[in-house]
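Beneath this line is the structure, given in structure tokens, with notes to follow.
The values are calculated or read from the model by the stated rules, or taken from the named source; none is laboratory data. For clarity, every value in this text was computed on a predicted model and none was experimentally measured. Here the Cβ positions follow ideal geometry from the backbone for every residue, glycine too, while neighbour counts run over all protein chains shown.
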Ligand SMILES: Nc1ncnc2c1ncn2[C@@H]1O[C@H](COP(=O)(O)OP(=O)(O)O)[C@@H](O)[C@H]1O
Ligand SMILES: [Mg+2]
């Protein structure tokens, strides 16, 4: 089972994600955005960063990269697809997930750990977590303010207080309905604004990112055995 | 016409004469343009070079000292560390966002030019007071610019400093430092190599960016452009720089380049002449091959353009194809613009004709060296006469007003706008003291602290600079790291004033002697003169960037809880409050003579701090600097939400900023161990109280209680309150 | 020819930038400011093409990439 | 009344975003695209003020904050 990590010009979290998935026992391979095939890969991650400088709109240019057709095909086949931060923005621009992400409410970049509550375990990112579980994961974005589209999004993670209560004060960026992560109806395509790979070792903000990435690895293994979700 | 032209380019008649002498004929306009930028203060260090030579720059672990784009030290296990600091003060005043952004871009290029991957950025920024809307605009814009560039280029910003002083209102300071890592077989120098080597220009296309004086030349032909004499603002493109970093690192990995030089100040002129001079060769440069952003650029404009995100690679002919292929893969432009020639001449061709023919080295080596007059300012004595002992204010009142000060309060408003976690190596990010990153595949950690203090240095530039070196060293020591190397950035006023030259030489003497005493080499730095407005100079503001190494990375202390002892380690404070935050915030004065460092005491405190972090489980250390011991203790208590009962004998004990002192909060069972280590090392330890409860009770004459939550609210509110409503547009 | 595309965020959709500027303007003493909206214009030059072509080409660019249908509308003006 | 401020970056100032969009458009099949420049318009509503007042107030806002004179020019149009 090998997970592809899509690298666009301007992507900068690809090695962090590879390091984290590797630490949790998954094989990964970087895939440059000019490639056109994902053959042999059972799942892909679109990592964080600033693909094409986030120019025009975050993800607006990346979604036209040659590799994205293959990503859409993989998603259509029900294979796990995960977008983190910039990857979330790209998946929305590509129409693989509903909605859009706009500038943070206070027009400031935010890099700090935030609390998120697990809203649904029916996704490749949350299947190993427990509903209501509160995780501490570092946020790192300027355009993390989620805006739903015509079709309703399915929240899987929401910003919350340490005790799990979802409040306006706990919403760092103005994201509608405090959405921090969403998934498609079958749960196979998931995206999250905070960075789970930044919360996997004791010296980091927390180790709460593990349960999310372990979910994704488990889903990818299932997919590689043909037992594709959805 | 050239006679008057050189003046308009900011050159003296003497300098013009020198060029005439070098060439044995009057220079042509493009030649004059090249000399005017290369012999400028910024590029030639003409006012400072004569003095910089006295600095201690050697140590067994120094691989590259001052003179290249960055200093490089050997940290073992096959790894080298490259570091450099630069200033972008004036551009940031003109356009705060782009000025700061391009400053970050420039310092990154200095680092990856050496073959290193940039792994961390630090910034030291100073502004006028935030009560003024324009200062808020500048501060907000600079922070946004550092974030906008650093975050997008994909290099974590791990720390820095912020100060607010009226003296910086007309001339904010924006310094940036970068640290890079490289394998010891991947060092690349800024050399042009042998004759026949090909010069390949990589990255952004060339436009009229940063051409100021040069627009005079341009306007000889283009009158409509004559109106805009000011340099056009340079716009940073972190996306281009990110691709440029990856492309260059691939070139180094595949050993495809002989040398590399970044294009910064003086653009192509510098990127052609410096590497040629270093290699003792000449070069033929073809401006017609340069990829352009705008048409109709003149030769002088092309030679002086400071367009960002460009690098010059020197490549053996047989590797040119491979280099162009790497550039294409990373989606950056590349053009073959020159060939290294035997002899010493730098020849430049434009529209097919030769427009420049000068000795390459004359642009760099024959730059004038000025011995400017030096005079100690009389007002220093008046400043020293100001009593540094000030009337006492209740300690809790003083503490609250200090924590509420934007320069002393919580900095998260700034550093949470910077990605400080990328690469997953940040063991200790921004917050307090230095920052610490792990070096993958080793048990080593690299710690960096950057420190400046204009108020201290205006009172006594020599002692001030010495204090900064020892403060930076203690800041990495409390993280368990041993000082390894220093870079410095000297922000000063107008060097044509003898008083400013005195401040400069005193500062250098202080830096040199302190680094000598500490046994730490200065591997690079930068001098920024002419930081003045309306004839008013800034405080002499040296900034010290110190790299330390922890081996191994010490264990993380657990939580700070109740029942722990609060110790102050280091020499007894003197009675001087000179230059302290207490003077500024509580009494609004500046005066007295700062306490001098004591290298022996300083060395012992550093040694003890390092030992405690490695040997005493769960000890929390915090360097005592601005605000003194009480502010240092309060910061620790706020971080962990724990109260304490503290006894303090005097204002100096509470708020004094004398050097070589740090706070150590340790569990009862650790106290004896600390005491024993202190005896071994020979340090004085003072037990000033115990943690517990939810209040900070300060015993001094009477006892006063302040809830920790109140301290937190005041401390956390300091910057956001001052910055309410500020935006960058 | 060149086309100027004005991309406007739909009025029912949050505009943090506009809101922040409005706040800053009233801090600056312009209390009378009502709402502020920030829009982007993208100027595309297509040398040597005729108006019809430019109009339809740029419309295509907008539908595909320049505007995000989830939140934005666009208007195209063509100049010689 | 409402004023629409069109803020344009001076032509000698680099526009990396525009350049990147131009490259993306040609990758998208629009090889004929020349240069692309990105600018902003800011729409400010000042309810119940007359044209004169709006014009001078908004000019003040531009000089103080909305536009950066060292790299941008601006134009103000006022509508009822
Ligand atoms: N204050 C200083 N202390 C030590 N070295 C310095 C100082 N100022 C400048 N230098 C060294 O002088 C050289 C030239 O500085 P600079 O012109 O800023 O480098 P660059 O040519 O890369 O811009 C650099 O190698 C720098 O390290
Ligand atoms: Mg340099």
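Residues being touching a strand residue (DSSP E or B) at 6+ places or on another chain (Cβ under 8 Å), crowded, with 20+ Cβ neighbours inside 10 Å and facing another protein chain (nearest Cβ under 7 Å) are represented in the stretch D:57-69 by at least one member. Taking (1) facing another protein chain (nearest Cβ under 7 Å); (2) at pLDDT 95 or above in turn, residue D:5 satisfies each apart from (1).
To keep it simple, each residue is scored yes or no on (1) modelled with pLDDT under 90; (2) within 12 Å of another protein chain (Cβ to nearest Cβ).
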| position | (1), (2) |
| --- | --- |
| B:174 | no, no |
| B:192 | no, no |
| B:196 | no, no |
| B:211 | yes, yes |
| B:233 | yes, yes |
| B:244 | no, yes |
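Conditions (1) free of Cβ contacts under 8 Å to residues at least 12 places away in the same chain; (2) within 16 Å of ligand 2 (Cβ to nearest atom), marked per residue:
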position	(1), (2)
B:22	no, no
B:67	yes, yes
B:76	no, no
B:83	no, yes
B:107	no, yes
B:110	no, yes
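Every test in (1) surrounded by fewer than 23 Cβ atoms within 10 Å (Cβ to Cβ); (2) closer than 24 Å to residue D:19 by Cβ; (3) in contact with a strand residue (DSSP E or B) (Cβ under 8 Å, 6 or more places away or on another chain) is passed by residue A:51 save one, and that test is (1). Looking at A:10, A:59, just one residue is touching a helix residue (DSSP H, G or I) at 6+ places or on another chain (Cβ under 9 Å), more than 19 Å from residue C:70 (Cβ to Cβ) and crowded, with 22+ Cβ neighbours inside 10 Å, and that residue is A:10. Here residue B:136 passes the criteria (1) surrounded by fewer than 24 Cβ atoms within 10 Å (Cβ to Cβ); (2) within 16 Å of ligand 2 (Cβ to nearest atom); (3) more than 21 Å from residue B:493 (Cβ to Cβ) except the one numbered (2). Would the stretch B:426-436 turn up any residue that is without any contact (Cβ under 8 Å) to a residue 40 or more places away in the chain and buried (at least 20 other Cβ atoms within 10 Å of the Cβ)? There is no residue in the stretch B:426-436 that is without any contact (Cβ under 8 Å) to a residue 40 or more places away in the chain and buried (at least 20 other Cβ atoms within 10 Å of the Cβ).
Yes or no, residue by residue, for (1) part of a helix (DSSP H, G or I); (2) farther than 21 Å from residue B:451 by Cα; (3) modelled with pLDDT of 95 or more:
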{"position": "B:390", "(1), (2), (3)": "no, yes, no"}
{"position": "B:397", "(1), (2), (3)": "yes, yes, yes"}
{"position": "B:408", "(1), (2), (3)": "no, no, yes"}
{"position": "B:430", "(1), (2), (3)": "no, no, yes"}
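Answer yes if at least one residue in the stretch B:52-63 is more than 14 Å from chain D (Cβ to nearest Cβ), in a helix (DSSP H, G or I) and within 16 Å of ligand 2 (Cβ to nearest atom), and no otherwise. Yes.
Within the stretch B:41-50, the set of residues being more than 10 Å from ligand 1 (Cβ to nearest atom) and surrounded by 18 or more Cβ atoms within 10 Å (Cβ to Cβ) comprises B:46, B:47. Do we find that residue B:120 is outside any loop (DSSP other than H, G, I, E, B), away from chain D (no Cβ under 14 Å), more than 16 Å from ligand 2 (Cβ to nearest atom) and modelled with pLDDT of 95 or more in this structure? Yes, satisfied. Just one of the listed residues (B:299, B:266, B:272) is away from every other protein chain (no Cβ under 14 Å), in contact with a helix residue (DSSP H, G or I) (Cβ under 6 Å, 6 or more places away or on another chain), within 16 Å of ligand 1 (Cβ to nearest atom) and in contact (Cβ under 8 Å) with a residue 60 or more places away in the chain, namely B:266.
All conditions but one from (1) in contact with a strand residue (DSSP E or B) (Cβ under 7 Å, 6 or more places away or on another chain); (2) more than 12 Å from chain B (Cβ to nearest Cβ); (3) at pLDDT 95 or above apply to residue A:10; the one that does not is (2). For the stretch B:64-84, filtering for residues that are in contact with a helix residue (DSSP H, G or I) (Cβ under 6 Å, 6 or more places away or on another chain) and either more than 8 Å from ligand 1 (Cβ to nearest atom) or within 14 Å of chain A (Cβ to nearest Cβ) (or both) leaves 1. Note on the stretch A:114-230: enclosed strands (runs of 3 or more DSSP E) holding 3 or more residues that are farther than 21 Å from residue A:73 by Cα are A:134-141, A:145-147, A:154-159, A:179-183.
Yes or no, residue by residue, for (1) within 14 Å of chain B (Cβ to nearest Cβ); (2) exposed (fewer than 15 other Cβ atoms within 10 Å of the Cβ); (3) part of a strand (DSSP E or B):
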position: C:12; (1), (2), (3): no, yes, no
position: C:19; (1), (2), (3): yes, no, no
position: C:24; (1), (2), (3): yes, no, no
position: C:43; (1), (2), (3): no, no, yes
position: C:55; (1), (2), (3): no, no, no
position: C:76; (1), (2), (3): no, no, yes
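Scanning the stretch B:482-525 for residues that are modelled with pLDDT of 95 or more and within 16 Å of ligand 2 (Cβ to nearest atom) returns B:487, B:488, B:489, B:523, B:524.
Scanning the stretch B:24-35 turns up no residue that is at pLDDT 95 or above, more than 10 Å from ligand 1 (Cβ to nearest atom) and under 29 Å from residue B:242 (Cβ atoms).
Considering only residues of the stretch B:85-102 that are in contact with a strand residue (DSSP E or B) (Cβ under 9 Å, 6 or more places away or on another chain) and over 16 Å from residue B:168 (Cβ atoms), which is surrounded by the fewest Cβ atoms within 10 Å (Cβ to Cβ)? Result: B:86.
Look at residue B:103 and say whether it is under 21 Å from residue B:411 (Cβ atoms), within 16 Å of ligand 2 (Cβ to nearest atom) and more than 14 Å from chain A (Cβ to nearest Cβ). When the stated conditions are applied, residue B:103 passes them. When residues in the stretch B:258-297 are screened for being in a loop (DSSP other than H, G, I, E, B), more than 16 Å from ligand 2 (Cβ to nearest atom), surrounded by fewer than 24 Cβ atoms within 10 Å (Cβ to Cβ) and at negative phi, 7 of them pass. For the stretch C:26-41, give me each residue that is in a loop (DSSP other than H, G, I, E, B) and either facing another protein chain (nearest Cβ under 8 Å) or over 27 Å from residue B:132 (Cα atoms) (or both). C:28, C:30, C:32, C:33, C:34, C:35, listed by residue number.
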